[in-house]
2 protein chains.
Amino acid sequence: MRSLLLAFVFFAALPCLAQQPLLNLMPMPATVQLGTGWMTIDASFSVGIQGNSDPRLERSVELFLTNLRRQTGMPLLLLKITEVPQAKLVVEASRSNPAVQELGEDESYRLEITNGGAKLSAATILGVMRGFETFLQLVETTPQGFAVPAVTIVDHPRFLWRGLMIDVGRHFMPPDVMRRNLDGMAALKLNVLHWHLSENQGFRVESKKFPKLTSMGSDGLFYTQDEVRELIAYAAERGIRVVPEFDMPGHSTSWFVGYPELASAPGPYQIERKWGIFDPAMDPTEEQTYRFLDKFIGEMAELFPDPYFHIGGDEVNGKQWDANPKIQAFKRAHGFKSNEDLQAYFNQRVEKLVSKHGKIMVGWDEILRPDLPKNIVVQSWRGQESLAQAAKQGYRGLLSYGYYLDLMWSAARHYAVDPMGDGAANLSPEEAALILGGEACMWSEYVSPENIDSRIWPRLAAIAERLWSPAGVADVDSMYQRMQVTSRWLDWRGLTHNSSYPPMLRRIAGSDQIASLEILADVLEPVKDYSREETAPVEPTSLIPLDRLIDAARPESATGRQFGAMVDALLAGHASAPTRQQIRQMLISWRDNQASLQPLEKQSFLLQEVVPASDNLTRVATAGLEALDYMDRGARAEEAWKTQTLALLEDAGKQQAQLLLVIVPSIEKLVQAAAGGTTALMSR
Amino acid sequence: MRSLLLAFVFFAALPCLAQQPLLNLMPMPATVQLGTGWMTIDASFSVGIQGNSDPRLERSVELFLTNLRRQTGMPLLLLKITEVPQAKLVVEASRSNPAVQELGEDESYRLEITNGGAKLSAATILGVMRGFETFLQLVETTPQGFAVPAVTIVDHPRFLWRGLMIDVGRHFMPPDVMRRNLDGMAALKLNVLHWHLSENQGFRVESKKFPKLTSMGSDGLFYTQDEVRELIAYAAERGIRVVPEFDMPGHSTSWFVGYPELASAPGPYQIERKWGIFDPAMDPTEEQTYRFLDKFIGEMAELFPDPYFHIGGDEVNGKQWDANPKIQAFKRAHGFKSNEDLQAYFNQRVEKLVSKHGKIMVGWDEILRPDLPKNIVVQSWRGQESLAQAAKQGYRGLLSYGYYLDLMWSAARHYAVDPMGDGAANLSPEEAALILGGEACMWSEYVSPENIDSRIWPRLAAIAERLWSPAGVADVDSMYQRMQVTSRWLDWRGLTHNSSYPPMLRRIAGSDQIASLEILADVLEPVKDYSREETAPVEPTSLIPLDRLIDAARPESATGRQFGAMVDALLAGHASAPTRQQIRQMLISWRDNQASLQPLEKQSFLLQEVVPASDNLTRVATAGLEALDYMDRGARAEEAWKTQTLALLEDAGKQQAQLLLVIVPSIEKLVQAAAGGTTALMSR
């Protein structure tokens, strides 16, 4: 850590840092030492492979060069692999990697850049891949050309398991969506794709042994086995393991459409269209269930090379079991006191199958029972306390609590969640070592191929940093500054979180004239946590188009955050004149926005629900301008104005069309300040 | 034509047309009759296939539904093929199509939409595909939901051959670039991809018989035969024929790198890096040349199913032939008076090979000699006069003159070029029938995978309309209005002409803050015709990155066009108060832009060359504001001011960094008007 701190101090001394952080690295490496000068990257740039090469290392160099060409606009026929003496960047991986990427493979690397050349050395190809991503983030447009700064970076991940779960069960994501998100994951040094492949709403992988799983349970939306193999290879080339999840015994209605005999109540079953927890569950008392799963897991164990195999195991409500006399009799005969006991029995049986087929079982919190072998891994949606309890029993764990991207939290809120924090803070070193890392989760009730990127990115970058960087890397302002740059930089990887925003707004507006809609959308965020379900105007299902403003609006408003920071600076008395001017201009444009949005509202059904939010923006901005006027005049606002305005703000702070107007808290601060409540406010 | 005119008259009577054309169709159909009301498109929308179905028809419905889902944001599991009685849209193709799409296949269709449902009927699947595209362009966001207007459209193409040539020889375009451009072509009802596959700078198709063509002549940038087959199938699913071009005997240096024995001078040869016309040419006197071509054409004739085969034949400078005594002797022995005679001999020999392998030869103007059989097709870069001469001799022709997208012309200029115009205007009906249509050409000296879309789109839409729509569809304002909408609509097809603009500007700026650079770039256009070569600061080659502002700036500035229209309205005395206000505001923002751009200029090498253009923008906008001030005051500007300002404008009208400041002519009009030259100006 000392080198990193030194680096930070050194940066702070550079005059240009005030406007822009010099190194836009994310996740921040373990140690960074800035040198002097730059290494230019021009048409003559090439990479040399030192020591033993292998086709995968060469392939990773080719991928790096492809990315570098995209960032710099270099022609496809430039930037090649050359002999070491001619190479500008020399890479070396001292060991060869196992054929299938393993948990815990060395990902450390050392990147040394001087004016004259660069050296990237690592123990493994994985380390080289991680170092390449750091190199790409260092590339800047400078007065002398494209260049990377002279720097020495020695880096390694804090956690071994840094994942993203994508739920393709509730909404299917075609292969191209998976590919571009794998590209994004690689850019942020994540190393596990947890692929949630079956749900009540759909079964997404071709099974040759049980073809009705997809012919009846997928709406035709599934991956062929060839597509699965291609995506696994694509991930492997980026240093990403692919862990499949087949959720059982619950969350499994789609299995029962083709195979009702697996269920605990007679069929027929339909693919579920609603969201939530449902009754259907596998029958844990029937041997045919295990015969099916034996064959099925055997087939999938061959298809997915990763040693880990996720069986879900979450959210069984037990209603089908309670209603089935045969299952009740089974419970009594085995002395099971609860459905949890019954599920534990199921898990033990399944674990033996998973293990028989050479895999290690992973499951959600609910699977944890001391009767399972110690090599299983528990993924916690409940929190660090659960992981700590598991660790104390000798089980390995992964944190997903706090990393649910679908809850629309701010990046800062995710960033503050640490796998070793809270309930896991006081583990012994041996116990702590059992916490492998974490996984962000993209549950897909409300994401489509069109907007999933904007739900994952750029916030995932903050979680990726939490899982890779030293625990002390926790400066939120720095994180946001770098995340903003990273967000744009990810455009080069083909992610669509930026590019899909204007087309979605144009569809909503029913017009190409979206300036005013964009001004509004830029300060709206979808409601948080599970409010979208709770406040839904009609019951949400998988059949409803995701084309409303809530589906286009970004989970976290950068405009809102920047405005908030400016208001805070103003109230703290250190806002510059341009900042004060900018606050006023923003308020004026918000106040006047409704006038230009109004004509659109009449021509689009998708805009009609947004009218109240647009009205609120005008009202709130007007209040903000009034507050500014009071302050500019040096006058203290009247109590009546304050009371009335705060009531207005309270009203405007409520969701409209399931969207939150994010500037309300900052306007409230302005109002409080104008009414003389500044001191109280500042101490918040 | 009468129905179309009626339709236009009818549109004009609708009050809402003033703001926005009601039907944003492009190319404009042959006849359009608007009905009353709308047919809504909601989650229950489905398509039924009437009469005989076939897998290709079903596939085209699936493609249509995919596109419709994207436009409306409908879930992947909605919008299905159903039985006809339940279907909202019924499609029928009365005949089945030949296995390989043919020139002249019936593409007509009839689309009838009422409140209650729609019917699309066509003679062939091709017609259905064209009708689907019209339907997709009709989809709008309305107050009641997504909907298409009640309308009857009876449509057919004016020309049988409506193509886009993409030169992948000079800059290779990976398969994904080809795929998205095929999607765009289909959207505009184009039906031929002319694939320029070999050039001095690269040979781009794997040959199993002559592997050194790519192993030595492609820099590793080529399509495998599997990729070729996949792209042909992809095109066929969109009703697009793929005509390969292998340019010979010139433009063929890349062949000679691996096979120098084909050339007319001894090797060795290197892949050409420069642009232009070069000396190397095949040796037309050696039998081994024809043995090679026999085998090669045989292999390619099998790979490419289309009956037409393009042999290039352009721009042989004859220098290698003149310098080779053996070739000179051959000419004398055969009584050839010129190199043109020698090339004609070559073409005859090649035509026999093409014909032997079951194909019909296509070539550029130069191949036309009366000794070739009448079934060949001449593609003219020279103009309609060439086509007319060919037609008079009984040869079929294609126009490409006037459709070169790389020359950076305005859409209006391309739009004005008609295959039946100028020299072809006075042909007999029989002769006229020999003019098959035309092809836009995307020569690729200055395009990369990143910016090729912005060079092709949206201007290609204007050419597509010229080739599809009745000759009388020629209203330029209407074309621009619809082209603008079409440009955005094409985002749904994955084209990147809009989305790649901000990332390219961010790279040039070396910053995410690109607002001021965008203001400047929005009023700059690349120099026209061949000026880029003629004014290049360093000799352009295939090794130079295409990352300058000239590579990002759009070929035609929409901002410039709109500003020009507003100025014209102002000077004609019918500009509204908001328009006058907007003119002033635009001028102010241009005048003040340099101040915000200046800090960026210091940090990026790519911005340095743009400084003079930015300075000019400030100067020119200042002049425009001065002119407005004179006019507002009702004062006539002094002669000295006029002289000085016109000199300034003349200077600012010159290229800077190979970019043209497009507002200069409009500012000149303002200056002339302020100085009292309004009348002269108005009569221009």
Taking segment B:518-531 and the residues there that are over 27 Å from A:TRP489 (Cβ atoms) and open to solvent by 30 Å² or more (accessible area, probe 1.4 Å), the one that is farthest from the chain's Cα centre (by Cα) would be B:SER531
- Mind checking whether some residue in segment A:655-667 is touching a residue at least 24 places away in the same chain (Cβ under 8 Å), surrounded by fewer than 17 Cβ atoms within 10 Å (Cβ to Cβ) and not in a loop (DSSP other than H, G, I, E, B)? yes
Of (1) open to solvent by 10 Å² or more (accessible area, probe 1.4 Å); (2) more than 11 Å from chain B (Cβ to nearest Cβ); (3) of a type outside the set (D, E, K, R); (4) out of contact with any Asp or Glu (no Cβ under 8 Å at 6 or more places or on another chain), A:VAL567 satisfies every one except (1)
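Quick one: would you say B:ILE550 is among the β-branched types (Val, Ile, Thr) and either closer than 22 Å to B:ILE452 by Cβ or not in a helix (DSSP H, G or I) (or both)?
Values: among the β-branched types (Val, Ile, Thr): yes; either closer than 22 Å to B:ILE452 by Cβ or not in a helix (DSSP H, G or I) (or both): yes.
It is true that B:ILE550 is among the β-branched types (Val, Ile, Thr) and either closer than 22 Å to B:ILE452 by Cβ or not in a helix (DSSP H, G or I) (or both).
Residue check: is A:ALA7 modelled with pLDDT under 95 and assigned to a loop (DSSP other than H, G, I, E, B)?
Values: modelled with pLDDT under 95: yes; assigned to a loop (DSSP other than H, G, I, E, B): no.
For A:ALA7, the condition - modelled with pLDDT under 95 and assigned to a loop (DSSP other than H, G, I, E, B) - is not met.
Taking segment A:94-113, which residues are of a type in the set (D, E, K, R), modelled with pLDDT of 95 or more and within 28 Å of A:ALA301 (Cα to Cα)?
Of segment A:94-113, the ones of a type in the set (D, E, K, R) are A:95, A:102, A:105-107, A:110, A:112.
If we keep only those that are modelled with pLDDT of 95 or more too, we end up with A:102, A:105-107, A:110, A:112.
Within segment A:94-113, A:GLU102, A:GLU105, A:ASP106, A:GLU107 qualify.
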Among (1) open to solvent by 60 Å² or more (accessible area, probe 1.4 Å); (2) touching a Lys or Arg at 6+ places or on another chain (Cβ under 8 Å), B:LYS374 falls short only on (2)
Over segment B:501-517, the set of residues surrounded by 20 or more Cβ atoms within 10 Å (Cβ to Cβ) and of a type in the set (S, T, N, Q) is B:SER511, B:SER516
Output for Cβ contacts, cut-off 8 Å, separation at least six or different chains, first residue outside any helix (DSSP H, G or I) in segment B:561-585, second open to solvent by 40 Å² or more (accessible area, probe 1.4 Å), reads B:ALA572/B:MET682
When every residue in segment A:302-346 that is touching a Gly at 6+ places or on another chain (Cβ under 6 Å) and open to solvent by less than 10 Å² (accessible area, probe 1.4 Å) is compared, the one nearest to A:GLU230 (Cα to Cα) is A:ILE311
Within segment A:233-254, restricting to residues that are in contact (Cβ under 8 Å) with a residue 24 or more places away in the chain and among the aliphatic types (A, V, I, L, M), the one that is nearest to A:GLY276 (Cα to Cα) is A:MET248
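It is to be established whether one or more residues within segment B:168-183 are among the β-branched types (Val, Ile, Thr) and away from chain A (no Cβ under 14 Å). Reasoning before the result, please.
Going residue by residue through segment B:168-183, those that are among the β-branched types (Val, Ile, Thr) are B:168, B:177.
Next, only the ones that are away from chain A (no Cβ under 14 Å) stay: none.
No, segment B:168-183 contains no residue that is among the β-branched types (Val, Ile, Thr) and away from chain A (no Cβ under 14 Å).
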The condition of being more than 30 Å from B:ALA433 (Cα to Cα), at pLDDT below 95 and of a type outside the set (D, E, K, R) holds, among B:GLY116, B:GLY145, only for B:GLY116
Those residues of segment B:606-644 that are surrounded by fewer than 18 Cβ atoms within 10 Å (Cβ to Cβ) and within 14 Å of chain A (Cβ to nearest Cβ) come to a total of 3
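How many residues does segment A:27-74 contain that are part of a loop (DSSP other than H, G, I, E, B), in contact (Cβ under 8 Å) with a residue 12 or more places away in the chain and within 14 Å of chain B (Cβ to nearest Cβ)? Walk me through it before giving the result.
Within segment A:27-74, the first condition is being part of a loop (DSSP other than H, G, I, E, B), and the residues that meet it are A:27-30, A:41-45, A:51-54, A:73-74.
If we keep only those that are in contact (Cβ under 8 Å) with a residue 12 or more places away in the chain too, we end up with A:27-30, A:41-45, A:51-52, A:54, A:74.
Now drop any that are not within 14 Å of chain B (Cβ to nearest Cβ), which leaves A:41-45, A:74.
Within segment A:27-74, residues that are part of a loop (DSSP other than H, G, I, E, B), in contact (Cβ under 8 Å) with a residue 12 or more places away in the chain and within 14 Å of chain B (Cβ to nearest Cβ) number 6.
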Taking segment A:570-597 and keeping residues open to solvent by less than 30 Å² (accessible area, probe 1.4 Å) and either of a type in the set (A, V, I, L, M, F, W, C) or within 12 Å of another protein chain (Cβ to nearest Cβ) (or both) leaves A:LEU571, A:ALA575, A:ILE583, A:LEU587, A:TRP590, A:LEU597
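Scan the helices (runs of 4 or more DSSP H) fully inside segment B:383-485 and keep the ones with 1 or more residues being surrounded by fewer than 18 Cβ atoms within 10 Å (Cβ to Cβ) and more than 14 Å from chain A (Cβ to nearest Cβ). Can you show your working first?
On the way: elements: B:384-392, B:411-415, B:429-432, B:452-456, B:459-468.
So the answer is B:384-392, B:411-415, B:429-432.
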Over segment A:489-533, the set of residues of a type in the set (Ser, Thr, Tyr), away from chain B (no Cβ under 11 Å) and not in a helix (DSSP H, G or I) is A:TYR530
Only unsatisfied item for B:ARG554, checking (1) among the charged types (D, E, K, R); (2) buried (at least 21 other Cβ atoms within 10 Å of the Cβ); (3) at pLDDT below 95, is (3)
Filter result for B:LEU78 (closer than 22 Å to B:THR152 by Cα, open to solvent by less than 40 Å² (accessible area, probe 1.4 Å) and either assigned to a helix (DSSP H, G or I) or within 14 Å of chain A (Cβ to nearest Cβ) (or both)): no
Considering residues that are open to solvent by less than 50 Å² (accessible area, probe 1.4 Å) and at pLDDT 95 or above, the number found within segment B:41-65 is 12
Reported set for segment B:92-115 where residues are in contact with a strand residue (DSSP E or B) (Cβ under 7 Å, 6 or more places away or on another chain) and open to solvent by 20 Å² or more (accessible area, probe 1.4 Å) is B:GLU92, B:GLN101, B:LEU103, B:SER108, B:ARG110, B:GLU112, B:THR114, B:ASN115
Filter segment A:81-91 for residues that are over 27 Å from B:SER511 (Cα atoms) and aliphatic (A, V, I, L, M); the one that is surrounded by the fewest Cβ atoms within 10 Å (Cβ to Cβ) is A:VAL84
Within segment A:534-545, residues being within 12 Å of chain B (Cβ to nearest Cβ), touching a residue at least 40 places away in the same chain (Cβ under 8 Å) and surrounded by fewer than 23 Cβ atoms within 10 Å (Cβ to Cβ) number 3
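Looking only at strands (runs of 3 or more DSSP E) that lie completely in segment A:136-235, which have at least 3 residues being surrounded by fewer than 22 Cβ atoms within 10 Å (Cβ to Cβ)?
Numbers: elements: A:140-142, A:145-155, A:161-167, A:192-196.
In segment A:136-235, the matching strands (runs of 3 or more DSSP E) lie at A:145-155.
The values are calculated or read from the model by the stated rules, or taken from the named source; none is laboratory data. Note that the structure is predicted; figures quoted are calculated from it, not measured. Glycine also receives a Cβ, built like all others from the backbone with ideal geometry; neighbour counts cover every protein chain displayed. Ligands, DNA and RNA are stripped out before the accessible areas are found, and what is left, the full protein with its side chains, is counted by its heavy atoms. Shrake-Rupley method; radii C 1.70, N 1.55, O 1.52, S 1.80 Å.
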